[in-house]
Amino acid sequence: MMKSLRKELWFNIPTRVAFVNITKEVHKAVKESNVAEGLCLVNAMHITASVFINDDESGLHQDYKDWLEGLAPHEPIDHYRHNRTGEDNGDAHLKRQVMGREVVVAITKGDLDFGPWEQIFYGEFDGRRKKRVLIKIIGE
Amino acid sequence: MMKSLRKELWFNIPTRVAFVNITKEVHKAVKESNVAEGLCLVNAMHITASVFINDDESGLHQDYKDWLEGLAPHEPIDHYRHNRTGEDNGDAHLKRQVMGREVVVAITKGDLDFGPWEQIFYGEFDGRRKKRVLIKIIGE
Amino acid sequence: MMKSLRKELWFNIPTRVAFVNITKEVHKAVKESNVAEGLCLVNAMHITASVFINDDESGLHQDYKDWLEGLAPHEPIDHYRHNRTGEDNGDAHLKRQVMGREVVVAITKGDLDFGPWEQIFYGEFDGRRKKRVLIKIIGE
């Protein structure tokens, strides 16, 4: 008999760009699911945000911000055709592709099956409004 | 009792680069699968193409094309060692890594569990020939 | 009755950067799992390494190395805030995001459901020490 669990995490980040460690919340969902062996999908439900796995180190996070700003600068706003729709988040749609929409994590013996430094982050590239992450767990 | 469904989508894009909205086809496959709770994998079966989730906005798609062309220009052809094999698609292998091979989408209550603007796209970076996308659904 | 299998692959790459074809090992794990229909997750357990799917062509692999070095140069070491922690692998954390942490592959009729050229690679960006890849298979 397959089990499943669905859960949303809500964010309202006060800045345009930020990274938030959500490992604890995902871990809690895995425990609630009672799944011993399975898969855990964690994805941004918005197209200007990411979910990714990397290190919880503030210097690295600043490196990511600088690097992404170099690859897809926020300004000039009118550089992006997308911004002709009245948006100013063209760059956020590009940054999210580099960092990715989702992660899939193995569940083994009822826990996230992680390497030594793996932590799950919500990556916001167009904040200052309410946005969501979806956790979906399936297994047995 | 786990259910599963496998389906291929075929493309023959007349241009080198294009983005095609395949959300409707994936949605149809989910309905056919009779899976209520599960996961839906959608992946390019070719290594110069992507499947990704973002906005169905033509200005943004042009931004993606320009941006990817800046990150991995098609020309000069002989810039890429891969093209010494007689190919001219070295850049397409790089662009596909930025946009990704696959997406995994949650299925909840028999439907794609999507945020407000999420749409699934086939991203072609070396078209003008027949290529495929795989949809694989598992769940209950 | 859902089946699952968990397996680790270990690496100790003698260079900083390398790509290793692990398709055969993943294929073997699928056979061992006795899963006919399901999903196979393959992920780097370290945050300076990738698992990705592309072509097994040495010219392309050199193109990837050159391209990633352009996008996120290893030197100067002090360019990266992360390296103030005493590390010298700031660039490796960035390169891994471009190439991705994981792939999810469909299993159909007991085999990896692949397109004609798809091969799975371990991508090392900070080698010369022991690191792991996780294979997790679920299905029926």
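Listed values, structure above:
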| item | result |
| --- | --- |
| Which numbered condition B:Thr48 misses (of (1) surrounded by fewer than 16 Cβ atoms within 10 Å (Cβ to Cβ); (2) closer than 12 Å to B:Asp126 by Cα; (3) under 13 Å from the mean Cα position of the chain (by Cα)) | (1) |
| Yes/no for A:Leu60 being free of Cβ contacts under 8 Å to residues at least 12 places away in the same chain, open to solvent by less than 10 Å² (accessible area, probe 1.4 Å) and facing chain C (nearest Cβ under 8 Å) | yes |
| Inter-residue pairs, beta-carbon under 8 Å, first among the polar types (S, T, N, Q) and in region C:66-95, second assigned to a helix (DSSP H, G or I), 6+ apart | C:Asn83/A:Gly59; C:Asn83/C:Ile77; C:Asn83/C:Gly90; C:Thr85/A:Gly59; C:Asn89/C:His82; C:Asn89/C:Asn83 |
| Output for region A:1-14, where each listed residue is open to solvent by less than 70 Å² (accessible area, probe 1.4 Å) and away from chain C (no Cβ under 14 Å) | A:Leu5, A:Lys7, A:Glu8, A:Leu9, A:Phe11, A:Ile13 |
| Qualifying residue in region B:107-117 (condition: acidic (Asp, Glu), part of a loop (DSSP other than H, G, I, E, B) and in contact with a helix residue (DSSP H, G or I) (Cβ under 7 Å, 6 or more places away or on another chain)) | no |
| Set B:Val103, B:Val20: member being aliphatic (A, V, I, L, M), within 12 Å of the chain's Cα centre (by Cα) and open to solvent by 30 Å² or more (accessible area, probe 1.4 Å) | B:Val20 |
| Residues located in region A:85-97, provided they are touching a helix residue (DSSP H, G or I) at 6+ places or on another chain (Cβ under 6 Å), over 18 Å from B:Glu118 (Cβ atoms) and not acidic (Asp, Glu) | none |
| Leading residue by the ranking (least open to solvent (accessible area, probe 1.4 Å)) among those in region A:80-95 that are polar (S, T, N, Q) and either at the interface with another protein chain (Cβ under 9 Å from one of its Cβ atoms) or assigned to a helix (DSSP H, G or I) (or both) | A:Asn83 |
| Subset of region C:126-135 [buried (at least 21 other Cβ atoms within 10 Å of the Cβ) and assigned to a loop (DSSP other than H, G, I, E, B)] | C:Asp126 |
| Residue in region B:107-125 that is crowded, with 22+ Cβ neighbours inside 10 Å and within 11 Å of chain C (Cβ to nearest Cβ) present | no |
| Any hit, region A:29-45, residues being in contact with a Ser or Thr (Cβ under 7 Å, 6 or more places away or on another chain) and touching a residue at least 24 places away in the same chain (Cβ under 8 Å) | yes |
| Breaking point among (1) open to solvent by 20 Å² or more (accessible area, probe 1.4 Å); (2) under 20 Å from the mean Cα position of the chain (by Cα); (3) away from chain C (no Cβ under 12 Å); (4) of a type in the set (A, V, I, L, M, F, W, C), for A:Leu71 | (3) |
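The rows are residues; the columns are (1) touching a strand residue (DSSP E or B) at 6+ places or on another chain (Cβ under 7 Å); (2) of a type outside the set (Ser, Thr, Tyr).
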| position | (1), (2) |
| --- | --- |
| B:Thr15 | no, no |
| B:Ala18 | yes, yes |
| B:Lys28 | no, yes |
| B:Ala49 | yes, yes |
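The values are calculated or read from the model by the stated rules, or taken from the named source; none is laboratory data. Small disclaimer: the values here were computed from a predicted structure and weren't measured. Note that we place each Cβ from the backbone using ideal geometry, even for glycine, and neighbour counts take in every protein chain shown. Just so you know, the surface numbers come from the protein's heavy atoms only, side chains and all, with ligands and any DNA or RNA stripped out. Shrake-Rupley method; radii C 1.70, N 1.55, O 1.52, S 1.80 Å.
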